[in-house]
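One structure is given here, and the rest of the page talks about it.
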Amino acid sequence: MQRRDVLKLGMGTMAAVAAGWAGRAWSGGLVGGGRAAAGMGTLDAVAWAAARQWTPTPFGRIAHVERGSGPAALFLHGFPLNGFQWRGALERLSAHRRCIAPDMLGLGYTEVAEGQGVTPADQVRMLADLLDRLGVDSVDLVANDSGGAVAQLFAAAHPRRVRSLLLTNCDAETDCPPPALKPVIELARADRFVTEWLAPWLADHALARSPQGLGGMTFTYPHNPTDEAIEMYLRPLVEHPPRTHAYAIGLDSNVLAGVEATLKRSRFPTRILWGTGDDIFSKDSPDYLAGVFGDSRGVRRVEGARLFWPEEFPELVAEEARRLWGV
């Protein structure tokens with residue numbers, strides 16, 4: 001059975017979580033499993049929600065969480081997650097940077113303006129505007145999954161605003177969108193994605209974490225995502241099906257087509273971190289990406305880690321970010 005067929009079979013029966021604000025998504029594990037940085041407060045779901053801010057823009061009211069001070073670092077999440085994905089990284093890196101984790105247009109708690117598009121190109125324009133409003137001239141970019149595609153587009157459009165780029169498993173021009181995403185896009189076009197996948201996930205924790213669920217396909221450990229993470233990620237998507245579907249449909253073309261030539265001229269240091277257990281994106285992509293950027297710092301592979309591993313191994317993200325930033 002091919003990868004796409006496995007995903008169709010598994011995702012058609014997925015389900016997940018009701019409410020329940022439980023423990024932490026990275027407890028235990030391979031790398032940096034359960035240890036928060038000394039002296040840092042824990043960013044669980046309650047603390048994250050309390051810290052959330054909204055900044056009015058022409059694109060809508062952009063939800064984001066900030067921690068720390070100094071030069072800014074911008075953390076871009078994947079689909080169907082939101083900025084909460086980066087809570088462990090913010091705990092560990094806020095001593096060195098003003099860490100900003102926004103929710104993308106169409107995902108999380110950002111309130112999208114009427115008629116506003118939510119494509120990757122729209123995300124780039126929104127982020128540039130948000131940074132202007134936050135008084136941020138340049139950033140260290142950290143990104144995962146569809147957020148990685150947005151990061152590449154942002155770097156191509158605003159190279160002088162990027163000091164460094166840390167990419168984890170994500171789209172590449174040669175694999176955008178990945179074939180595994182096609183069933184999602186097809187269901188979104190039929191207005192069935194939320195009711196057939198996300199709503200069931202939000203109703204059954206065990207199914208969400210099963211081999212056929214979000215957890216089994218995209219997280220490394222069977223106890224992830226936690227109850228609080230599923231609630232945080234999926235409830236706003238289930239409550240707003242049109243914008244959720246619009247986000248998925250916006251990924252239906254190769255949004256990175258033609259970007260390679262521009263990225264080859266880049267001069268900001270770029271590091272690729274890649275979980276080898278990911279079967280969504282091509283296993284050829286990390287080496288391709290490492291060869292695209294003008295100041296590539298190579299690839300580090302995380303053995304057995306799946307797509308959303310940055311949530312589970314925040315110490316590894318922090319270690320590589322500090323090295324890339326020289327702190």
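The values are calculated or read from the model by the stated rules, or taken from the named source; none is laboratory data. No experiment lies behind these values; they were computed from the predicted model shown. Using ideal geometry, Cβ is built from the backbone for each residue, glycine included, and neighbour counts are taken over all protein chains shown. The area values use the complete protein model at the heavy-atom level, side chains included, leaving out ligands, DNA and RNA. Shrake-Rupley method; radii C 1.70, N 1.55, O 1.52, S 1.80 Å.
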Over the alpha carbons of region 186-228, what is the largest minus smallest coordinate on each principal axis, giving the biggest first in Å?
-> 32, 18, 15
Can you pull the Rg over Rh of region 38-171, Cα-only, Kirkwood?
-> 0.93
Computed about the Cα centre, the charge dipole of region 91-145 from +1 Lys/Arg and -1 Asp/Glu charges at the Cβ has a magnitude in debye, to the nearest 20, of 240 debye
A student applying the Cα gyration tensor rule (rounded when a/c is under 1.5; otherwise prolate if a/b is larger than b/c, oblate if not) would label region 206-304 oblate
Give, rounded to the nearest 20 debye, the magnitude of the charge dipole that region 208-327 has about its Cα centre when Lys and Arg contribute +1 at Cβ and Asp and Glu contribute -1 at Cβ.
-> 520 debye
Assign unit charges at the C-beta atoms only (+1 for Lys and Arg, -1 for Asp and Glu), then state the dipole size of the chain relative to its Cα centre in Debye, rounded to the nearest 20.
-> 800 debye
Taking the Cα-to-Cβ direction at Tyr288 and at Thr276 and moving 7 Å from each Cα, how far apart do the two end points lie in nm?
-> 2.0 nm
If you roll a 1.4 Å probe over the chain with all protein chains in place, what percent of the accessible area is carbon or sulfur?
-> 52 percent
When the charge dipole of region 105-205 is computed with +1 at the Cβ of Lys and Arg and -1 at the Cβ of Asp and Glu, the Cα pointing farthest to the positive end, of Val139, Trp197, Ala121, is that of Val139
Within a Cβ distance under 13 Å of Arg97, other residues only, what is the Lys/Arg minus Asp/Glu net charge?
-> +2
Per residue, how big is the convex hull around the C-alpha atoms of region 129-193? Give it to me in cubic angstrom, could you?
-> 114 Å³
Using θ = phi - 60° and the Karplus relation 6.51 cos²θ - 1.76 cosθ + 1.60, list the HN-Hα couplings for region 211-219 in order, rounded to whole Hz, with x at every Gly or Pro.
-> x, 8, x, 3, x, x, 8, 10, 10
Sum -39500 (n - 2.57) across every DSSP H segment of at least 4 residues in the chain, then divide by the residue count to get the 222 nm mean residue ellipticity, nearest 500.
-> -10000 deg cm²/dmol
Taking only the Cα positions of region 143-266, the convex hull volume per residue in Å³ is 122 Å³
Once you treat every alpha carbon in the chain as an equal point and sum by Debye, what is log10 I(q)/I(0) at q = 0.10, 0.11, 0.13 Å⁻¹?
-> -0.50, -0.61, -0.90
